[in-house]
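Asker: Quick one: structure below, then a few questions.
The values are calculated or read from the model by the stated rules, or taken from the named source; none is laboratory data. Every value quoted in this text rests on a predicted model; they were computed, and no experiment measured them. For neighbour counting, all protein chains shown are included, and Cβ atoms are generated from backbone atoms with ideal geometry for every residue, glycine included.
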Amino acid sequence: MTIRKQYRPYLLIAPATIILMIIALYPFVYALQLSLYRWEMGQAVEAKKFIGVLNYIKALLSSDFWTALGTTAVYTAATVVVEFGLGLAVALLLNGEFVGRSVVRSIAIIPLAVTPVVVGLVWRVLYNTDYGLINFILHELGLPTSKWIAGMSTALISVVIVDIWQWTPFATLILLAGLQTVPIDVLEASKIDGASGLQRFRYVTLAFLRTPILVVLLFRTIDSFKVFDNIYALTMGGPGSATETLSMHLYIQGFRNRHMGYASAMGILFLIVVTLICQLFIRVIDNQGTSSNDGSRTRR
């Protein structure tokens, strides 16, 4: 029995699709089921008690949950905005012609090749109050030193700086690839028409960068919202709860306090929040694209 030609591509990708579905879908379904039970890690499976949505209600009424969500929102907003701005600026610089451009491009993406946990451990040494390199340099320059990750007011800023250092090259790489697709003749035509440099950047360059911008914002928002490894290596969520993001809070509730059902419910709420934010980004970018297209038709 021969297989019809149009079905062969689907059969070829079916094994990988099934494996991915098992890896991604089964944990989600299990977490969703577990969120409806009261169960402490280490207890027998038979000890699970069905409590419905009480775990969700408990999470929504918990001040610790909202504090962790607020910390996550601040962390995400700071990292995404700065990384996008710096990434765009560096991409514009690297898109120009200068001697050694290929070497500079290669050096610029080195932080991406380093494992996040290793990055966290290295920066933990750099941030050390007593023998860290950063405080040593500040002291030698006659500038005031800081507690960095050991201070309540500076810990969150410190971990944000680490994230910016590691992931700005990602934004640069995506936006630089987008800049390579901007047609030179369109830029030259707009220049001949009398458009200023700012107008060319706003109406031409950014129009072609719409998809790369969406990719950068989406991926960095998702990654920043679920950040765990850097914070675990740097501060373990401390001092106090100054850097306790939602992922760190889930870890503490699930694996330290062993409240697996409660942690699963917060994880589902976490997923809902991230999904809503991503949908918001997509709608904003799509609306801007529709508006620019309508405006171009009107000008014609």
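Asker: May I ask you to say which residue of T172, T71 is among the β-branched types (V, I, T) and closer than 18 Å to D229 by Cα?
Answerer: Of the residues listed, the single one that is among the β-branched types (V, I, T) and closer than 18 Å to D229 by Cα is T71.
Asker: Hey, among the residues in the range 201-254 that are of a type in the set (S, T, Y), part of a helix (DSSP H, G or I) and more than 19 Å from A265 (Cα to Cα), which one's farthest from the chain's Cα centre (by Cα)?
Answerer: Y203
Asker: Do you know which residues across the range 34-63 are under 32 Å from the mean Cα position of the chain (by Cα) and either closer than 15 Å to G254 by Cβ or of a type in the set (F, W, Y) (or both)?
Answerer: Scanning the range 34-63 gives L34, S35, Y37, R38, W39, E40, M41, N55, Y56, K58, A59, S62.
Asker: Name the one entry in M21, M1 that is part of a loop (DSSP other than H, G, I, E, B) and at pLDDT below 90. Working first, answer last.
Answerer: On the way: M21 fails: part of a loop (DSSP other than H, G, I, E, B).
After applying the criteria, what remains is M1.
Asker: Output the residues belonging to the range 175-192 that are surrounded by 14 or more Cβ atoms within 10 Å (Cβ to Cβ) and either free of Cβ contacts under 8 Å to residues at least 12 places away in the same chain or not in a helix (DSSP H, G or I) (or both).
Answerer: Residues satisfying the conditions are V182, K191.
Asker: Separate question: Just one of A31, A59 is in contact with a Gly (Cβ under 8 Å, 6 or more places away or on another chain), at pLDDT below 95, surrounded by 13 or more Cβ atoms within 10 Å (Cβ to Cβ) and part of a helix (DSSP H, G or I); which is it?
Answerer: Answer to the check: A31.
Asker: From F84, F136, grab the single residue that is out of contact with any strand residue (DSSP E or B) (no Cβ under 6 Å at 6 or more places or on another chain), under 24 Å from V273 (Cβ atoms) and at pLDDT 90 or above.
Answerer: F84
Asker: Here's something else I'd like to know. Which condition does F255 not pass, out of (1) surrounded by 14 or more Cβ atoms within 10 Å (Cβ to Cβ); (2) under 19 Å from V117 (Cβ atoms), if it passes all the others?
Answerer: Every listed condition holds for F255 apart from (1).
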